[in-house]
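There's a structure below that I have some questions on.
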Amino acid sequence: MTTERSSAPPSTQLSTTEVAVLGLGPMGRALAGALLAAGHPVTVWNRTPGREDDLPARGARVAADAAAAVADAPLVLLCVRDRAAADAVLDAAGEALRGRTVVNATSITPADARAGAVRARAVGHRSLHAAVLTPTPTIGRPEGTLLLSGDAEAFAAHEPILRALGTVRHVGTDPGRAAAFDTALLDLFWTTAHGLVHALALARAEGIGGTELAPYAQGLPLLLGPLIEDFARRADERRHPGDRSSVASAAAGLTHVAHTARARGLDTSVLDAALAVTRRAVDRGHGADGVSTLVELFAQ
């Protein structure tokens, strides 16, 4: 069953509750700082000492080891580089985690998040996975956005504290669901970022400066909002009319771009991959369908 609840940060300080933050990279420090600003006692620990920055001056206690960090904290936030680092930290905390709730804000795959929930049950602590969708300067502010999934009771119990981090939403009891949102959005971001840098390279090859191109590129985000809503609705309905643009026209456009880039000696591997998928859709009789029909092709 999927449940969704959202809440924004409160305007006043919260009742104090001890929170442990394990991992003091930029995001971990931002999470700890937001909790301190909300009036919570915070204990921090990092595998490499000396990453605390100004947190001790702001009131954070620095623990000698992971087990000591979580000893008095009903809620533990874990934010490290990857799953291997997260597992190492959880191993270091060991039995001290029993009975606590661990919110893993590490960027991991949905499968990793589900495996983490199984591990948590075996060890004896509750778990939530958090996908942090916005950068460190937004943490602790309404524009800071965190999606959480997993144990709904644990979320309800700790929601008042989690609200100190930004706008939080519980998106379902499947432990991997928040990570799935994160992965899909990263897919969109990085393919978009690749398109931008490739466009800048193509423009340069044709004698157009990046700052010359930028004002025209700025108009594209205005098109994306309605396009995202339209494609999302079509994907859910599995209906892909070609009334506005078709797969065949997309194939023609991509062919033109790839040919121009190749003629200038640019790497076209990503364009070629996109073109191959689009041509495959045409070959299967979907040339007159809308471009959103590629959702179905990717799923095959």
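Derivation of every value follows stated rules applied to the coordinates shown; laboratory data play no part. This is a predicted model, so every value here is computed, not measured. Note that we place each Cβ from the backbone using ideal geometry, even for glycine, and neighbour counts take in every protein chain shown.
Where both partners of a DSSP beta bridge lie in the chain, what percent of those bridges are antiparallel, to the nearest 5?
Expressed as a percentage, antiparallel bridges in the chain total about 30.
Next up: Over the chain, what lengths in whole Å, largest first, do the semi-axes of the equivalent ellipsoid take, defined as the square roots of 5 times the eigenvalues of the alpha-carbon gyration tensor?
Largest first, the chain gives 43, 22, 18 Å.
Compute the angle between helix 26-37 and the longest alpha-carbon principal axis of the chain, please, reported from 0 to 90 degrees and rounded to the nearest 10.
Tilt of helix 26-37: around 50 degrees.
How compact is the stretch 181-298 by the rule of thumb for globular proteins, expressed as Cα Rg over 2.2 N^0.38 Å?
So the stretch 181-298 has a normalised radius of gyration of 1.13.
Run the helix sum for the chain: -39,500 (n - 2.57) per DSSP H stretch of 4+ residues, divided by residue count, reported at 222 nm to the nearest 500 deg cm²/dmol.
Details: 11 runs with 143 residues, N = 300.
Here the helix-only value at 222 nm equals -15000 deg cm²/dmol.
Quick one: length gained pulling Phe189 to Ala299 fully straight, 0.36 nm per residue minus the C-alpha distance?
Fully extending the segment from Phe189 to Ala299 adds 37.6 nm.
Along the three principal axes, how long is the stretch 251-300 when you take its alpha carbons, biggest first, rounded to the nearest angstrom?
33, 19, 16
Moving on. Taking the Cα centre of the chain as origin and charging only Cβ (+1 Lys, Arg; -1 Asp, Glu), how large is the dipole, in debye to the nearest 20?
Here the chain has a charge dipole of around 100 debye.
In Å³ and rounded to a whole number, note down the convex hull volume per residue for the Cα atoms of the stretch 5-172.
97 Å³
Here's something else I'd like to know. Taking 0.36 nm per residue of sequence separation and subtracting the Cα-Cα distance, how much length would be gained by fully extending the chain between Asp72 and Val197, in nm to one decimal?
Using 0.36 nm per residue and subtracting the Cα-Cα distance, I get 40.2 nm.
Still on this model: Hey, if you put +1 on the Cβ of every Lys and Arg and -1 on every Asp and Glu Cβ in the stretch 118-264, which of Leu186, Ile228, Val171 ends up farthest toward the positive end of that dipole?
Checking the options against the dipole of the stretch 118-264, the answer is Leu186.
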